[in-house]
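A quick write-up on the structure given underneath.
The values are calculated or read from the model by the stated rules, or taken from the named source; none is laboratory data. These figures come from a predicted structure and were not determined experimentally. Here the Cβ positions follow ideal geometry from the backbone for every residue, glycine too, while neighbour counts run over all protein chains shown. These accessible areas exclude ligands, DNA and RNA; they are computed on the full protein's heavy atoms, side chains included. Shrake-Rupley method; radii C 1.70, N 1.55, O 1.52, S 1.80 Å.
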Amino acid sequence: MSFQDDLAADMESIFFADFKHVAVISGVEVNGYLYTRAHEFGELDTNQVQFDTPKTSLPAIKRREPITVNGVKYLFVTKQESGEVTSLILERV
């Protein structure tokens, strides 16, 4: 493992340790943070939410694939990456 990999893993555990939202993506549980009011910033539709998670923990996912976050079902729309964080844009079902 490289220094960058070690640092990314450390930052993931520190940054996301307090987030209690759990998404089930392709049968894999992923910790992250669900922004249910992200549409207030004008970048998303009112029926969309944003789920932020570390880039290193995300399994492969296809458009319109169902994702469950804390027991609520959503459909995957797209993803946006910024540094070590991946934001999944999800649509309410």
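The phi torsions of region 76-89, fed into the Karplus equation with coefficients 6.51, -1.76 and 1.60 and a -60° offset, translate into couplings of 6, 9, 7, 10, 10, 10, 9, x, 9, 10, 10, 9, 9, 8 Hz, rounded to whole numbers, with Gly and Pro shown as x. Less than 5 angstrom separates the built amide H of GLY32 from those of HIS21, ALA23, all sequence-distant by 5 or more or on a different chain. Computed from backbone phi, the HN-Hα couplings of region 24-35 come to 9, 10, 6, x, 10, 7, 10, 7, x, 10, 9, 8 Hz, rounded to whole numbers (Karplus: 6.51 cos²θ - 1.76 cosθ + 1.60, θ = phi - 60°; Gly and Pro given as x). Note that region 16-93 presents 59 Å² accessible area per residue, ligands and nucleic acids not counted, probe 1.4 Å. Of the solvent-accessible surface of region 28-93, computed with a 1.4 Å probe over protein heavy atoms with every protein chain present, carbon and sulfur atoms account for 47 percent.
Sorted largest first by accessible area at a 1.4 angstrom probe radius, with every protein chain in place, the residues PHE51, PHE19, PHE41 fall in the order PHE41, PHE19, PHE51. Ordering 71-83, 28-40 by mean Cβ neighbour count within 10 Å, with the highest value first, yields 28-40, 71-83.
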